[in-house]
Amino acid sequence: MRVALITSEFVTESVFDGGLANYIFRVAKALIQLNHIPVVFVSSVKNETFYYEGIRVERVLIWKDYPWGHKNKLLDKFDKVLNYKYNMVFSLLWQSYKLNRKLWRINKIEKFDIVQYSHLGGVGLFKPFSYKAVARISSSTKLCYEAGGYGDSAFQIQQQEYIEKIALKRMKGIFGPSIKIAKYVQSMINKKIEVIESPFFMDVSVYDFEKYNELLKDRKYILFFGTLSYIKGVHVIAEIIHDFLSKYPSNYFVFIGKQSFYKKNRTFSELINEKSFDCRGRVIFIESLKHELLYPIIEKAQFVVLPSIVDNFPNTCIEAMAHKKIVIGTIGNGFEQLIDNGESGFLVQPGNAEELSITIDKIMELTNEQKQSIGENAKTRIEKLKPEIVVNELIEFYEKIIRD
């Protein structure tokens, strides 16, 4: 089966660390292992065809520079006349047009059996009518915005959401990994959404301990990794961080990931440092890392704190559990599909700093044997996400769409 994977993110691009990028990479690798032929079409700053770990990648020139440096002269003129009010619409229309034009050109020569679009940004909007196509739900743009996940205006988010809705309605099939998000989006577009969990396998065989040795060797720490933002609940950690560091003076709190702004011109790292008061010397910030550098830091952490306000089927949680780490996640955000509370991790209410603090204390009081048992249970759950299990479910979904 020849499968086109159309996406705005992939691990070869400068936004390599997102959940969507890593999902596309793992699906493509799994399809190859199962004797199928995936081709990734990704928004980029240049046109290029190359192979990455055996995956054919078609870079499509859309942006002059990430993320919106963009478009063409005609759209720029319209955008300027309208005082850039519809900047999001023009950007997303241009992205979908360019990706689908490249897909159409290649499909004329090398016909694809099915096309899988990422829902984010509505890249499937200009899908050619005759194509058998599906979309994967990455998240809910509306819920993410309401949780403070985007810096764009409400009107821009409404534009993005509108384009994503139209694109989804054009698909023959829709699926996503999260039961919650699937139900929510299904109610908005009145189309059935299948739940197919995301595959996981260790994508690096050799770890690089350079960053761990440089910053964390011989230190005890708990870890957050992902974008430092409202949507990921970093403001909740800020509320409890001084209490944690005061109670446990031999421990550090480590944050790994891209920065976002807490307020205008004020980053989340500044908020956390402010809330840490006299303990800020035991807070460590590290920029996003590739997996070979990130995984040793996950492996050596005492446990992982991921108090998301809104999430889908968190890749960060999966990666931590695969390393036998105890994870604190939040109820109603896909974590409950992965974590059996108290058995393979812990769940707290999103936005509840007091409950998060109590749960951290509970984990700190566990014996080594109890921690090890929970870690083993966590790894056992992630083994159910092996590609030969979940990607075969995806292939069956493809086959059903092709037949109908």
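The numbers here are math on the coordinates, done by the rules we state, and not lab data. These numbers come from a predicted model, not from an experiment. Quick reminder, even Gly has a Cβ in these numbers, built from the backbone with ideal geometry, and neighbours come from all protein chains shown.
Could you order peptides 259-268, 370-379, 233-242 by the average number of other Cβ atoms within 10 Å of their residues, highest first? Display every interim value, and only then the final one.
Numbers: 259-268: 14.5, 370-379: 16.8, 233-242: 22.6.
Most protected by this proxy first, the peptides run 233-242, 370-379, 259-268.
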| said: Considering only C-alpha atoms, what is the centroid distance from the range 231-299 to the range 96-144, in Å? | reply: 37
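Do any trypsin sites (Lys or Arg not before Pro) in the range 6-47 lie in a DSSP loop with no more than 10 other beta carbon atoms within 10 Å, and if so, which? Show your work: numbers first, answer last.
Numbers: sites: ARG26, LYS29, LYS46; in loops: LYS46.
For trypsin sites (Lys or Arg not before Pro) across the range 6-47 that sit outside H, G, I, E and B with at most 10 neighbouring Cβ atoms in 10 Å, the list reads LYS46.
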| message | Using the Karplus curve 6.51 cos²θ - 1.76 cosθ + 1.60 with θ = phi - 60°, what ³J(HN,Hα) values do you get for each residue of the range 366-372, in whole Hz, with x for Gly and Pro? | response | 5, 6, 4, 5, 5, 4, 5
| task | Taking the chain as the reference, fit the longest principal axis to its C-alpha atoms, fit the long axis of helix 154-169 to the helix C-alpha atoms, and give the angle between the two in degrees, 0 to 90, nearest 10. | result | 60
| request: Any lysines with Cα under 24 Å of the LYS191 Cα? List them, leaving off those in the same chain fewer than 8 positions away. | output: LYS127, LYS132, LYS142, LYS165, LYS169, LYS172, LYS180, LYS183, LYS400
| task | Hey, could you grab the Kirkwood Rh for the chain? Inverse mean 1/r over distinct alpha carbon pairs, Å, one decimal. | result | 22.1
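Stretched out fully, how many nm does the piece from GLU376 to GLU343 gain, at 0.36 nm a residue minus the Cα gap? Please report the intermediate quantities before stating the final value.
Details: separation 33, 0.36 × 33 = 11.88 nm, distance 0.96 nm.
Full-extension gain reported as 10.9 nm.
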| remark: Nearest 10, in degrees from 0 to 90: the angle of helix 353-364 to the longest Cα principal axis of the chain is 60
| Dimensions of the range 235-366 along principal axes (Cα, Å, largest first)? | 36, 32, 28
| Which of the aspartates and glutamates could be linked to LYS371 by a straight reach, that is with a Cα gap under 18 Å, when you skip same-chain ones fewer than 8 residues away? | GLU299, GLU319, ASP340, GLU343, ASP361
| request: Taking the chain as the reference, fit the longest principal axis to its C-alpha atoms, fit the long axis of helix 387-403 to the helix C-alpha atoms, and give the angle between the two in degrees, 0 to 90, nearest 10. | output: 20
| query | Hey, how much of the P(r) for the range 131-224 falls beyond 18 Å, as a percent of Cα pairs? | reply | 62
